[in-house]
Each structure stands twice: as structure tokens, then as C-alpha cells.
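The values are calculated or read from the model by the stated rules, or taken from the named source; none is laboratory data. Everything quoted here is computed from the prediction, not taken from an experiment. No Cβ is skipped: glycine too gets one built from the backbone with ideal geometry, and neighbour counts run over all protein chains shown. Side chains included, ligands, DNA and RNA excluded: accessible areas come from the protein's heavy atoms. Shrake-Rupley method; radii C 1.70, N 1.55, O 1.52, S 1.80 Å.
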Amino acid sequence: MNCNQGMPNSSGLVNRRNTISKTDATVVAFLKEAGAIPLGMTNCSELCMWYESSNKIYGRSNNPYDLRHIVGGSSGGEGCTLAAACSVIGVGSDIGGSIRMPAFFNGIFGHKPSPGVVSNNGQFPQARGAQELFQCTGPMCRYAEDLAPMLRVMAGPGIKKLRLDEKVHLKDLKFYWMEHDGGSFLMSKVDQDLILAQKKVVDHLQNMLGASVQHVKLKQMKYSFQLWVTMMTAKGHDGKEPVKFVDLLSDHGKPVNPLWELIKWCLGLSVHTIPVIGLALLEGKFKYNNEKYKKFKAMEESLHKELVEMLGDDGVFLYPSHPTVAPKHHVPLTRPFNFAYTGIFSALGLPVTQCPLGLNAKGLPLGIQVVAGPFNDHLTLAVAQYMEKTFGGWICPGKL
């Protein structure tokens, strides 16, 4: 959660209920200087570490397309606020899909920039260790044309790393696509609705735009969750360990015993949500031994090399934003690893734009991720604008 001077900064943690930001996060300061008017802070998952936005301070956010479904997380409040036309632009942060999942579930656009372009200063929780390199702050919008202007402002001097002024000729781009991760047993199968929506995009690019389109099979995508965990548990270049999640739970309060919190939760006495209690309990289990870490680190480097070489400076990769459309409330507890469809690109440090692709038969948003090589954000943003013109972009839930 980005600090906004004078506004709450709890990140959904009860112990921080009365915490008020004394300063602005760097991106917030840049946006205010450019004339942006903050309307408020929106809801998130507790400590921004789950893909349903629910906590013990503000409760649960509901999807404007169907109140029985989730808005995603951690920037879920931002996603549903934008989708419901309460605001036009918003800010999210993303280390596993916290911009892209809410954007997808709520039928809007969200962009995870290349790492190091936009400052993360002034956030809570603040990433540390290797996480610091992969956490990205980015824009969320109803309209694709707003992404680039927002990114210019949010990045400040970091915008020099990108080529947003470079004209993109879509017909000259090379498009690659995969319809699923290859069959990981940890993840749900991709909904047929999403596969058909992606196929519609592929057919249009090939037959109407006349672009080069190629189906690929990247075998290591099957290990997306393991590669994300490898990134999240790695030490930084300075040797710093990542912040322990159980320590974050103790912020502004006494040390937390996860097992005791679980017992209290069963009795209805805990001030924490079950996803964060579970994460605190299992945190140590997710840390690989040296042998496994080296194995997955080598795999991550190999996949990064393969994708970067494939994409070059003129290629984009189309990939599902999630295996399913927005699930019903609590369902993520039974599908905890599905976020790896977005998490993998955080681990690989690539820029990604989530683009809406209309609604399914039940009125829930469809979408797709558009991925490019490092610092080629201008390609994904150009494709997003084309997708909006071709497939309609955001659809007002009030018209359904």
C-alpha cells in the first residue's frame, strides 16, 4: 500500500488501524505534482499478501459484475473502484500479480512496469532482499490510453529507461502465445472461456492484422509457482534476507504465534484472516534447501533467457491472466497457487499489461496478459490500446 499523506495506512492489519501516513510515497507525490486529486485509499488483502481483498478492519470487497465474486488482491479495492466508475485512474503495486489479478477480475487495464522504472519508496509493507528488485508499482485504468501518461508521471526520472515515445507498428511485431502453463498439478485448468477469448485474439492478429503469430510451448512455465518462491526467498545483493511474514504480522503489536492465532481463529477470536495465518504457519516450508534452490534458480535463469531471446525488441507474448475468471468468495483458499499465472512474470522481471476482453456468458470479465522483453513496456502498452479498440475494453457493470 502506497502512503498518502493524511490518509490511513493500515494495509488491512488491525494493529495499524490508527496509522496515518505522515508523508507521500514517491509515486503519490509525483501524481499530486502533476495535478492528480486523491479520492481515498482503497481496500486490500491483509498485508497485501493474498488474492482476495478482505481484512478485519474494512471487511470484504465485492466484484461489481457479481457481488458473489472476488475482486482479486492485493490491489482489489482499487480494481473494483475503477470498474464501478468511482474513479478513472489508480495506483497498485505488484510482486505476484497484485495489479494484474484485480485488473483482470474487474475488467480493466493494469500495467506492471519493468523493474526499477517506478520507485517503490513509501510503501507498507516495504520489500527487502531480492523482493526489492522485483516489486513494481504501476498504473490501473479503465481506458488503455491512460496507462502511458500515468506511467510517465509515476516513473519520474526512471522513465528514461523506457522508450514510450517510440512509434509501434503492430503489424511488424512478432506475437507468441500459450494457452496454459503446460499442466502443473498445483494450478486449476484454464477455463474454456479464456482459451476461446485468447484464440479470438490470435485469429484476429493473424487474419485481420496480418501479423506474425506463433504458438509456443515453454516447458518451464509448468514450474511457475516454484520459480516465484525462489525469487521471494532469495537474499538481496547486499546479503539481506527477505522480511519474515510473521514479523510483519507483529507490526505495531506483540510478537505473533501463528499456531496460537489459528486456534484463536477457530474460536472466532483472532484479529487476523485465515490466509495470513496459513502463510505465517507455512512460511518456513516454502523455503527450499540449498540443492532445490539452485535447481529452481537455474531453471528461472534458463526460462528468462529463453523468453528474452524469443521476444527480442519486437515481440510480445500472450498468456492467460489467471486460470479462471473471478472466483466466488473463499474459493481462493482451495486454489492458493493459481496466482502463479501472474507471479511468474514478476519472478522473471518482465513488463506486463493486463487487457480486458469482454465478458463471459455469466457476465464476468475475460482478459489476457501481454508480456514483452525488459524495458519494452511501450510494446505492451501499444498492444493494449489496439486490444481496447478491437475488443471493446472496459464494459460498465451498470449496463448489464
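In the range 123-157, what count of residues is obtained for those that are open to solvent by 30 Å² or more (accessible area, probe 1.4 Å), outside any helix (DSSP H, G or I) and over 30 Å from Phe391 (Cβ atoms)?
So the first thing to find is which residues in the range 123-157 are open to solvent by 30 Å² or more (accessible area, probe 1.4 Å), and the list is 126, 128, 132-134, 143, 145-146, 149, 152-153, 157.
Add one more test, that the residue is outside any helix (DSSP H, G or I), and what stays is 126, 128, 143.
From the residues that got through so far, the ones that are over 30 Å from Phe391 (Cβ atoms) too are 126, 128.
Number of matching residues: 2.
Quick one: would you say Val118 is surrounded by fewer than 23 Cβ atoms within 10 Å (Cβ to Cβ), in contact (Cβ under 8 Å) with a residue 60 or more places away in the chain and among the β-branched types (Val, Ile, Thr)?
Values: surrounded by fewer than 23 Cβ atoms within 10 Å (Cβ to Cβ): no; in contact (Cβ under 8 Å) with a residue 60 or more places away in the chain: yes; among the β-branched types (Val, Ile, Thr): yes.
The answer is no for Val118.
In this structure, is Ser93 outside any loop (DSSP other than H, G, I, E, B), open to solvent by less than 30 Å² (accessible area, probe 1.4 Å), closer than 27 Å to Pro255 by Cα and of a type in the set (Gly, Ala, Ser)?
Considered against the rule, which asks whether it is outside any loop (DSSP other than H, G, I, E, B), open to solvent by less than 30 Å² (accessible area, probe 1.4 Å), closer than 27 Å to Pro255 by Cα and of a type in the set (Gly, Ala, Ser), Ser93 comes out as yes.
Contact list please: Cβ distance under 6 Å, first residue in the range 321-337 and within 17 Å of Ser98 (Cα to Cα), second residue open to solvent by 10 Å² or more (accessible area, probe 1.4 Å) and assigned to a helix (DSSP H, G or I), pairs at least six apart or on different chains.
Once the first residue is within 17 Å of Ser98 (Cα to Cα) and sits in the range 321-337, its partners that are open to solvent by 10 Å² or more (accessible area, probe 1.4 Å) and assigned to a helix (DSSP H, G or I) give Phe337/Phe225.
Kindly provide the set of residues from the range 28-49 that are at pLDDT 95 or above, open to solvent by 50 Å² or more (accessible area, probe 1.4 Å) and either within 16 Å of Ile274 (Cβ to Cβ) or in contact with a Lys or Arg (Cβ under 8 Å, 6 or more places away or on another chain) (or both), ordered by number.
Pro38
Thr81 passes all but one of (1) surrounded by fewer than 18 Cβ atoms within 10 Å (Cβ to Cβ); (2) closer than 21 Å to Leu13 by Cβ; which number fails?
It fails just one condition, (1).
Within the set of pairs 6+ apart or on separate chains, which have a first residue in the range 225-241 that is in contact (Cβ under 8 Å) with a residue 24 or more places away in the chain, a second that is of a type in the set (Val, Ile, Thr) and in a helix (DSSP H, G or I), and C-beta atoms under 8 Å apart?
Every condition considered, the pairs that remain are Leu227/Ile344; Trp228/Ile344.
Which ones in the range 51-71 are under 17 Å from Ser98 (Cα atoms), in a loop (DSSP other than H, G, I, E, B) and open to solvent by 50 Å² or more (accessible area, probe 1.4 Å)?
Asn62
Within the range 280-380, which strands (runs of 3 or more DSSP E) (wholly inside it) include 1 or more residues that are open to solvent by 10 Å² or more (accessible area, probe 1.4 Å) and either in contact with a helix residue (DSSP H, G or I) (Cβ under 6 Å, 6 or more places away or on another chain) or acidic (Asp, Glu) (or both)?
Working: elements: 315-319, 352-359, 365-372.
Passing ranges, in order: 352-359, 365-372.
Any residue in the range 35-54 that's at positive phi: show its pairings with residues that are among the polar types (S, T, N, Q) at Cβ separation under 6 Å, as long as the two are six or more apart or on different chains.
Within 6 Å, the pairs are Leu47/Ser11; Cys48/Ser11; Cys48/Ser74.
Scan the range 140-166 and report the pairs whose first residue is on the phi > 0 side of the Ramachandran plot and whose second residue is in a helix (DSSP H, G or I), with Cβ atoms within less than 6 Å and a gap of 6+ or a chain change.
Cβ pairs passing all conditions: Gly156/Phe30.
Of a type in the set (Val, Ile, Thr), at pLDDT below 95 and more than 29 Å from Asn376 (Cβ to Cβ), is that true of Val271? Steps first, please.
Values: of a type in the set (Val, Ile, Thr): yes; at pLDDT below 95: no; more than 29 Å from Asn376 (Cβ to Cβ): yes.
No: the conditions fail for Val271.
Taking Ile277 as meeting all but one of (1) open to solvent by less than 40 Å² (accessible area, probe 1.4 Å); (2) touching a residue at least 24 places away in the same chain (Cβ under 8 Å); (3) aliphatic (A, V, I, L, M); (4) farther than 19 Å from Leu227 by Cα, write down the number of the exception.
(2)
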